[in-house]
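Derivation of every value follows stated rules applied to the coordinates shown; laboratory data play no part. These figures come from a predicted structure and were not determined experimentally. A quick note on method: Cβ atoms are made from the backbone with ideal geometry, for glycine too, and the neighbour counts reach across all protein chains shown.
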Protein chains: 2
Amino acid sequence: MKTVLIKEDIVSRNNERAKDVRALTRNKNVYYVNVMSSPGAGKTTLLEKLIPLLGDRYRIGVIEADIDSDKDALDVERATGVKTIQMHTGGACHITCQMSMEALQALGTDGLDLIFLENIGNLVCPAEFDTGADLNLVLLSVPEGDDKPLKYPLMFEVASAVAVTKTDVAPIFDFSRAAAAENVRRRNAAAPVFFLSAKKGEGIEELADYLLEQIDKKLRSM
Amino acid sequence: MKTVLIKEDIVSRNNERAKDVRALTRNKNVYYVNVMSSPGAGKTTLLEKLIPLLGDRYRIGVIEADIDSDKDALDVERATGVKTIQMHTGGACHITCQMSMEALQALGTDGLDLIFLENIGNLVCPAEFDTGADLNLVLLSVPEGDDKPLKYPLMFEVASAVAVTKTDVAPIFDFSRAAAAENVRRRNAAAPVFFLSAKKGEGIEELADYLLEQIDKKLRSM
């Protein structure tokens, strides 16, 4: 069980550093959102739809984290026009606080109010590593199945909010909204659950309103 | 960069132990298949469809690995009637060789010819840890997108074969078979790519035939 002990040590050292990231974003008046999900759950597409709804009010930046490929950063920049950087983790399955800090510095926090971090597509490891974000937005896509909160508990425990994506295909995939919401609730009674379809434009405004409220709450308190 | 060094050390020590698992399965005349994919890509459903096509010829066992929940083992056992055990990793994002060995011992290799390990749903970490399996079967589901081999390179590099699942929904998801096959080929020119729909029953027999060939190749050589 040596492996596990080493890992716990790495995780706890990482999570201690989260306060440095939070101090940076507080000093710079920035709200920082960590977006997590399985591969292909729709993180990039959601950002492309959300940013236009928030862009009137905030100056937005995006950090795209991937093991390899620049596709997401290029797509987000093309679709939204906001400042975007691509970060490669060199094989790592999650973003550490150190990487999070370096990415914020590389993007630059001056002149920005809101920064999204699109984490590595992985429903396990990113949940263990606090990135120092103000809010963890966890996506669960309909094709993955409504049972996933039971199988990947920590991700749903650390979620500030859960967005069920691709709801337009729910009839094809035998996906129950009620079961998904109940399975999230069993892991985390506090996290609101939003049901979205980027294709049909459903639910994006509700999620944007929720984020506006959270962002204003922090920025007003500073 | 200490984290990375520790991790590399753990990975290399793990991978050295893979020969012990391979010695066990060789001694016991067992073929061992490691099934990997993102959460919800259809690993359990594929096993439910494959096992009836292989069960006439081989005595089959299944190891279901999950962080939590017994759902998959119960589903597979109910659907196929084969010997199945559920393994919980206690939060770990992958199966180590040690866990693989313990699971094989818990399942019992006597009286079995073919054992499937359903790994943790994760397109990153399980690729780094050799489980000692004879074959790595990697699933990529259509809703995840045809670009995933570019973003999760190692998983497709370690694949012996790739099964693209849920092809029945390809028209809805703007998924290109040609792009998926080309993206796999860029990571791994040797791995055959199968296109499956468990719902329509397409491609399952071709994959079963491929597995039969691989299994017979090993068992004949012993």
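Observations, loosely collected:
- Residue that is nearest to the other protein chains (Cβ to nearest Cβ) [pool: residues in segment A:150-173 that are buried (at least 23 other Cβ atoms within 10 Å of the Cβ) and either among the aromatic types (Phe, Trp, Tyr) or under 16 Å from the mean Cα position of the chain (by Cα) (or both)]: A:152
- Neighbours by Cβ (under 8 Å, 6+ apart or cross-chain): first from segment B:111-131, on the phi < 0 side of the Ramachandran plot; second small (Gly, Ala, Ser) and part of a strand (DSSP E or B): B:112/B:61; B:114/B:61; B:115/B:61; B:116/B:61; B:117/B:65; B:118/B:65; B:119/B:65; B:120/B:65
- Residues located in segment A:44-70, provided they are part of a strand (DSSP E or B) and under 16 Å from residue B:38 (Cβ atoms): A:66
- Residue A:41 within 14 Å of another protein chain (Cβ to nearest Cβ) and within 13 Å of the chain's Cα centre (by Cα): yes
- Residue within segment A:129-146 that is within 12 Å of chain B (Cβ to nearest Cβ), over 28 Å from residue B:173 (Cα atoms) and either buried (at least 20 other Cβ atoms within 10 Å of the Cβ) or touching a Ser or Thr at 6+ places or on another chain (Cβ under 6 Å) (or both) present: yes
- Test: residue in segment A:32-43 that is without any contact (Cβ under 8 Å) to a residue 40 or more places away in the chain and outside any loop (DSSP other than H, G, I, E, B): no
- For segment B:119-222, the strands (runs of 3 or more DSSP E) that sit wholly inside it and include 2 or more residues that are of a type outside the set (A, V, I, L, M) are B:135-141, B:193-195.
- Of residues in segment B:45-102 being at negative phi and hydroxyl-bearing (Ser, Thr, Tyr), the one nearest to the other protein chains (Cβ to nearest Cβ): B:96
- Of the candidates B:14, B:29, the single residue that is polar (S, T, N, Q), more than 10 Å from chain A (Cβ to nearest Cβ) and touching a residue at least 40 places away in the same chain (Cβ under 8 Å) is B:29.
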